[in-house]
Amino acid sequence: MLRGINLSISGGSYVALMGPSGSGKTTLLNLIAGIDRPDSGRLTVASSDLMELDEAEMAHWRANHIGFIFQFYNLMPVLTALENVELPLLLHRLSRRERREHALLALELVGLSDRLHHTPRELSGGQQQRVAIARAIVADPLLIMADEPTGDLDKQSAADVLDLIEQLNRDSGKTVIMVTHDPKAAERARTIHHLDKGVLNSLNAF
């Protein structure tokens, strides 16, 4: 449970949320992403008051503003990399050709143009996470929400994924909010928030 959180994040920021298990990091991430709703207070993200949106409006808002990256990729095992990246675009009014073009561009951006027709089981963990990042950015969201994005990767793959996330923040202006237990990952962020027992108890800005 979060208690008395007062947090403001500027557009284009790269923020890391750290703290022990059960401290409320993922809960805070889910609130910002419009997955969960707070019991009280105000929640304004990308100029939208999320407390005022009904479920259908919230789903539409998420589809247009949020890209998710998870620890375990959450790719559809029977779909190719290209098909997995196309999935979020089914919520948008795009033709099949437009969806394909967007997905190809996203996969090119993450360096996987040569793995378009591979299924997840034919890809390494690092490659699967890059597919997941392509899926997260394919609809050009304002915010990228990353929940332990390197938690299931070896050291080199983790570094490659963090390089890519940093590039998206630096070169594309994406706001990145990342939950992580890894101090090395958190060091990539420009701001680190520490949560403990639902309380935001310290802040480091670089």
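Does SER40 qualify as being of a type in the set (Gly, Ala, Ser) and touching a strand residue (DSSP E or B) at 6+ places or on another chain (Cβ under 9 Å)? It is false that SER40 is of a type in the set (Gly, Ala, Ser) and touching a strand residue (DSSP E or B) at 6+ places or on another chain (Cβ under 9 Å). Can you confirm whether ALA134 is at pLDDT below 95 and either part of a loop (DSSP other than H, G, I, E, B) or under 26 Å from ILE9 (Cα atoms) (or both)? No: the conditions fail for ALA134. Condition test on LEU200, is it out of contact with any Cys (no Cβ under 8 Å at 6 or more places or on another chain), within 23 Å of LEU116 (Cα to Cα), of a type outside the set (S, T, N, Q) and at pLDDT below 95? In short, no. Taking the criterion of being part of a strand (DSSP E or B), more than 12 Å from GLY19 (Cβ to Cβ) and within 17 Å of the chain's Cα centre (by Cα), the residues of the range 174-206 that qualify are THR175, VAL176, ILE177, MET178, THR191. Restricting to the range 148-186, what's the tally of residues that are within 19 Å of ALA46 (Cα to Cα) and surrounded by 15 or more Cβ atoms within 10 Å (Cβ to Cβ)? Residues that pass the stated criteria total 7. When ASP114, ASP171, ASP152, ASP160 are checked against the criterion of being assigned to a helix (DSSP H, G or I) and touching a Gly at 6+ places or on another chain (Cβ under 8 Å), ASP160 stands alone in meeting it. Among the residues of the range 62-96, those that are in a loop (DSSP other than H, G, I, E, B), closer than 24 Å to HIS118 by Cβ and polar (S, T, N, Q) comprise GLN71, ASN74, THR80. Tallying residues that are surrounded by fewer than 18 Cβ atoms within 10 Å (Cβ to Cβ), modelled with pLDDT of 90 or more and in a loop (DSSP other than H, G, I, E, B) within the range 9-34 yields 5. Only one of the listed residues (ALA106, ALA59) is within 25 Å of ARG190 (Cβ to Cβ) and part of a helix (DSSP H, G or I). That residue is ALA106.
The residue of the range 58-81 that is farthest from the chain's Cα centre (by Cα), among those that are surrounded by fewer than 17 Cβ atoms within 10 Å (Cβ to Cβ) and modelled with pLDDT of 95 or more, is VAL78.
Among the residues of the range 11-36, those that are in contact (Cβ under 8 Å) with a residue 24 or more places away in the chain, within 24 Å of MET58 (Cα to Cα) and polar (S, T, N, Q) comprise SER13, THR26, THR27. Within the range 37-56, restricting attention to residues that are part of a strand (DSSP E or B) and touching a residue at least 12 places away in the same chain (Cβ under 8 Å), which residue is surrounded by the most Cβ atoms within 10 Å (Cβ to Cβ)? Per the criteria, the residue is VAL45.
The values are calculated or read from the model by the stated rules, or taken from the named source; none is laboratory data. All values derive from a computational prediction rather than experimental measurement. Ideal geometry is used to build each Cβ from the backbone, glycine not excepted, and the neighbour counts take in all protein chains shown.
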